[in-house]
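Read the structure below first, then the notes.
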Amino acid sequence: MSAFLGLQCHLCKTVFPGEASYVCDRCLGPLEPIYDYAAIAVTRAQIESRPKNLWRYRELLPIAGEPRTGFNSGFTPLVRCTRLAARLGVSELYIKDDSVNHPTLSYKDRVVSVAATRAQELGFRVLACASTGNLANSVSAHAARLGMECCVFIPDNLEPGKVQGSAIFNPTILAIAGNYDDVNRLCTQVADRFGWGFVNINLRSYYAEGAKTLAFEVAEQLGWRYPQHLVSPVAGGTLLPRILRGFRELKQVGLVDGQLPKIHAAQAAGCAPVVHALQNGLEAPELVRPDTIAKSIAIGNPADGHQVLESVRGTGGSGAAVSDEAIIDAIQLLAETEGIFTEPAGGATLGGAIDLIQRGVIPPDESIVVCVTGNGYKTAEVTRERMKAPVRLSRAFRDFEAWAATRDAEVSRAT
Ligand SMILES: Cc1ncc(COP(=O)(O)O)c(C=O)c1O
Ligand SMILES: [Zn+2]
């Protein structure tokens with residue numbers, strides 16, 4: 001059973017019932033779920049015996065009844081990366097690989113599993129979202145499985161793979177002439193007037209909680225301990241603060257002990273309001289107009305930007321902004337060393353980690369987790385120009401032999 005009690009304002013601490021509300025009507029602060037932590041008596045062994053999905057931490061998730069979807073979402077691999085670590089000169093490096101999250105290959109399957117379940121509990125018929133692509137994919141798939149009506153709003157310049165990744169589930173797709181921040185503004189008006197369940201607007205308090213499960217898994221997969229550093233991408237700012245919240249909650253319910261990790265924020269240089277605020281000591285991020293190949297994290301006005309700054313500063317973390325060129329380099333490096341194909345959001349995150357290591361912000365002998373949150377197969381065009389063309393041969397064996405001989409010659413010249 002969940003120990004979920006209701007919602008509370010992050011700033012003034014006023015308590016509200018667990019409805020589809022997301023801002024405090026007294027101070028406009030964000031609302032977040034609260035739990036009866038004292039009543040949570042779950043053990044490591046109990047959790048380990050449960051199915052390998054995000055609901056294995058259900059006591060700490062904001063639903064009242066049984067999960068409705070997400071039975072194969074979450075519990076993604078934590079990959080120990082020895083070849084990549086050697087290239088970067090560090091001793092203990094892991095990729096948390098949400099590029100293979102089920103069913104739509106991004107971290108968004110976590111947040112949507114929780115928001116869609118709560119949407120059904122609250123009686124919504126239409127599931128909706130404002131999205132840079134991955135969220136729309138996930139909302140479309142989960143709505144299809146639940147038999148809910150679905151309407152997703154996206155900017156009209158997304159990669160074809162991202163659009164197709166929603167369209168196949170047959171939602172209504174509204175491609176809006178504008179960037180994500182324009183789309184989000186429109187959706188806030190629609191959510192107010194149409195009574196639809198927007199996972200990242202009126203259901204945001206529940207949606208955001210799903211992101212904590214990434215932290216729960218990292219700690220469990222490390223043998224119930226914290227890493228020393230974690231690098232997270234930042235767009236709207238949902239994930240990063242909830243990773244910290246998840247790590248804290250594990251301590252609160254007695255599952256993990258020790259020093260909390262330093263949480264670092266990675267953004268694309270072409271859209272880095274949070275990193276800019278960190279580097280310049282600003283109290284809040286300043287709005288920017290995005291210009292980057294990393295479209296999934298191109299959000300110039302992050303809804304939870306303030307919470308990101310609080311979390312990074314509170315843990316002694318730092319920020320890194322990564323050029324488009326360095327994003328592509330990192331995508332390629334990860335693929336060549338570890339066999340993981342990420343999209344630009346993952347390239348920005350790994351690129352950020354590399355920058356922090358090179359600047360000495362992350363010492364080489366400390367444990368590091370890098371969150372890879374999306375899959376490269378959806379954004380193939382980003383790396384296509386760099387790829388070697390396939391060797392074209394006839395069907396004849398002698399042609400293969402001739403090619404193999406030139407290859408042997410090339411190899412011996414190189415060694
Ligand atoms: C692949 C990927 N990674 C990371 C993010 C970061 O999102 P946020 O900071 O809103 O949690 C997004 C989404 O917007 C995304 O699509
Ligand atoms: Zn308040």
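The numbers here are math on the coordinates, done by the rules we state, and not lab data. Small disclaimer: the values here were computed from a predicted structure and weren't measured. A quick note on method: Cβ atoms are made from the backbone with ideal geometry, for glycine too, and the neighbour counts reach across all protein chains shown.
Things to note:
- In terms of distances greater than 32 angstrom between alpha carbons, the cross-link table entries Lys108/Lys251; Lys251/Lys295; Lys13/Lys378; Lys212/Lys388; Lys13/Lys251 yield Lys251/Lys295; Lys13/Lys378; Lys212/Lys388.
- Packing, taken as the mean count of other beta carbons within 10 Å per residue, orders the peptides 168-174, 306-312 from highest to lowest as 306-312, 168-174.
- Local electrostatic count at Ala321 - Lys and Arg +1, Asp and Glu -1, tallied over other residues with Cβ under 13 Å: -3
- Based on Cα atoms of region 304-414, Rg over Rh with Rh as the Kirkwood radius reads 1.17.
- Other-chain or far-sequence residues with amide H under 5 Å of Gly316's (modelled H): none
- Our note on the geometry: Cα centres of region 119-154 and region 1-63, 21 Å apart.
- Karplus (6.51, -1.76, 1.60) ³J(HN,Hα), θ = phi - 60°, over region 249-264, in Hz, Gly and Pro reported as x: 5, 4, 5, 4, 9, x, 8, 9, 10, x, 7, 5, x, 7, 9, 10
- The alpha carbons of the chain stretch over 74, 47, 46 Å along the principal axes, in descending order.
- Value of [θ]222 nm, deg cm²/dmol, for the chain, DSSP H segments ≥ 4, -39500 (n - 2.57) each, nearest 500: -12000 deg cm²/dmol
- The value of relative contact order for the chain, using C-alpha pairs under 8 Å at least six residues apart, is 15 percent.
- Full extension of the chain segment joining Ala389 with Arg50 gains 117.5 nm, where the gain is 0.36 nm per residue of separation less the Cα-Cα distance.
- Percent of beta bridges antiparallel (DSSP, the chain, rounded to nearest 5): 35 percent
- Region 214-229 and region 370-401 have Cα centres spaced 34 Å apart.
- All Cα pairs of region 1-56, percent lying beyond 19 Å: 44 percent
- Cα extents of region 297-337 along the three principal axes, largest first (Å): 35, 24, 14
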